[in-house]
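Written out below as structure tokens is the structure these notes cover.
The values are calculated or read from the model by the stated rules, or taken from the named source; none is laboratory data. No experiment lies behind these values; they were computed from the predicted model shown. Neighbour counts run over all protein chains shown; Cβ positions are idealised from the backbone, glycine included. Surface accessibility is based on the protein's heavy atoms, side chains included, excluding ligands, DNA and RNA. Shrake-Rupley method; radii C 1.70, N 1.55, O 1.52, S 1.80 Å.
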Amino acid sequence: AELGWPELARIPHPPRRIPLLGDVVGVNRRTPLQDSMRYARRLGPVFRRKAFGKEFVFVWGARYAADLADESRFAKHVGLGVANLRPVAGDGLFTAYNHEPNWQLAHDVLAPGFSRDAMAGYHPMMLSVAQRLTEHWDRAAATGRAVDVPGDMTKLTLETIARTGFGHDFGSFERSRPHPFVTAMVGTLTYAQRLNTVPFPLAPLLLRSASRRNAADIACLNDTVDELVRARRATGGGEGDLLDRMLETAHPGTGERLAPRNVRRQVITFLVAGHETTSGALSFALHYLSRHPEVAARARAEVDRVWRDTAEPAYEQVARLRYVRRVLDESLRLWPTAPAFSREARVDTVLAGEHPMRRGAWALVLTPMLHRDPEVWGADAERFDPDRFDAQAVRSRPPHTFKPFGTGARACIGRQFALHEATLVLGLLLRRYDLRADPAYRLGVTERLTLMPEGLRLLPERRTAVR
Ligand code: HEM
């Protein structure tokens, strides 16, 4: 009985195992997720990999992933990449252990910040940030310059969460280089990923200079956030935004408030979780739109029909972009930008009636492979096709087969926020530009716990006869 999986021996693993190092042959340190996808294709729906003395069970078959979604027997496991972020985000909402009291407290205090009313309140600010992006792209279009898609989407999504949630302006569009907060965040995410790829006891030695840099990055995140909180305390305001809730709102049941130390963790959590993955999702969607002119044409026709010539689409007009939303869903199917989540057994149980697990045993769900399971998505699962998300197709699929936002009580709190923001922005960009791809570009995926299309550049061209 290893790892709480009494019949571990029945779970396939790669053939070449090196003592001490584990299954590291052919493994690229910079792409652990894509390596795991290759293993998944070879080894099947439940498999294991060993790295540096630690063994991990991976699950992607739809039947097994659906069983792991049963909240009465399974819960979120804080492991691997998420656990490595504890020094950055502590008991903030994303990295908290299920049993930590600050999870429930913060969840209850912050959830109303994601209600429909709250979202409608953020809409005008989302729109004004998107207009900063189109001003920037208009200049590129006027001079025939290509734009750095992931870079610009990161500016957009950071400004959006910072302004709507925290009343803060990072000035991203006025900068030629990313804001130091972004550089520090990329540093800590990359470091947290690297910690999974070195022998654990040796990590402090092997990563000595990297760990010093990581400490400096964390200090930069803390300083940025402390400054933002100080400014709010000095000037007040916020009118019920996320920061206002974190600082002022008492728990409706217990009257408790978040402690200052926890507020810092939550602000970092929301600034990071609130922009990095949405930026990737928008970038992948723009890539696919540029490569599928027939899809882009259909999406644009919808925007023109639903929005007509309203300069500033209203909140309700965004949800009516059904096909644009399908483009986004289909991009998140192929490249879910938070590409894995972990589940642990709450009781002794048997996974899908096949694999016994003891209480506490856990597995990593590989979302990009779950989203490609041929039993659910068909033999052409690799093909980009937004019609997979038309209402009838969705109804015909079993539940728990599309999980870009995780599952259960610990699923993404910002899902509606991300979907509203991304649909709005895709609508505005489709209406305003033709997006020309570089024909030589081949999609490559950068990993830093999250996924991002590598080096994606597009040439925006102003459509004629659009305001
Ligand atoms: C949790 C994905 C956008 C805040 C999660 C989880 C996933 C996810 C998979 C669950 C992680 C786990 O089980 O370990 C995404 C994707 C997004 C997105 C793909 C964009 C396309 C956002 C936004 C916000 C946000 C915009 C905030 C404004 C959070 C927080 C959690 C979370 C706070 C932890 C929730 C909890 O444990 O209670 N997200 N997310 N996310 N997300 Fe998102």
Practice task
Using Cα pairs closer than 8 Å and at least 6 residues apart in sequence, work out the relative contact order for the chain, in percent.
Solution key: 25 percent
Fill in the blank from the handout: Share of Cα-Cα pairs in segment 284-378 beyond 18 Å, whole percent, is 64 percent
Exercise for the section: Subtracting the Cα-Cα distance from 0.36 nm times the residue separation, let me have the gained length for ASP70 to GLN392 in nm, one decimal. Expected result: 113.4 nm
Practice task
On the full set of protein chains, 1.4 Å probe, figure out the accessible area of ARG383 and give it in Å² to the nearest 10.
Solution key: 120 Å²
Handout entry: Under 14 Å, Cβ to Cβ, from SER209 - net charge with Lys/Arg +1 and Asp/Glu -1
Key = +3
Problem - LEU351 long-range amide H proximity, modeled H, under 5 Å - result: MET357
Handout entry: Largest-first ordering by accessible area, 1.4 Å probe, given options LYS76, LYS54
Key = LYS54, LYS76
Problem - Computed helical MRE - 222 nm, the chain, DSSP H runs ≥ 4 contributing -39500 (n - 2.57), nearest 500 - result: -15500 deg cm²/dmol
Practice task
Under 15 Å from the Cβ of HIS292, count the other residues' Cβ atoms, weight Lys and Arg +1, Asp and Glu -1, and hand me the total.
Solution key: -1
Exercise for the section: Between beta-carbons, use under 12 Å as the cut-off and find the net charge around PRO386, counting Lys and Arg +1, Asp and Glu -1. Expected result: 0
Completion exercise
The FRET efficiency for ARG463 and PHE114, from their Cβ-Cβ distance with R0 = 25 Å and rounded to 0.05, is 0.15
Completion exercise
With every protein chain kept in place and a 1.4 Å probe, the residues SER172, SER396 fall, from largest accessible area down, as SER396, SER172
Exercise for the section: Measure off, as a whole percent, the carbon and sulfur share of the 1.4 Å-probe accessible area of the chain, all protein chains present. Expected result: 54 percent
Problem - Å² of accessible area per residue within segment 26-175, as computed with a 1.4 Å probe and no ligands counted - result: 38 Å²
Handout entry: Sites ARG208 and ARG308, calculated FRET efficiency, Cβ-Cβ separation with R0 56 Å, nearest 0.05
Key = 0.40
Exercise for the section: Quote the accessible area belonging to LEU202 in square angstrom, nearest 10, computed with a 1.4 Å probe and with ligands, DNA and RNA left uncounted. Expected result: 80 Å²
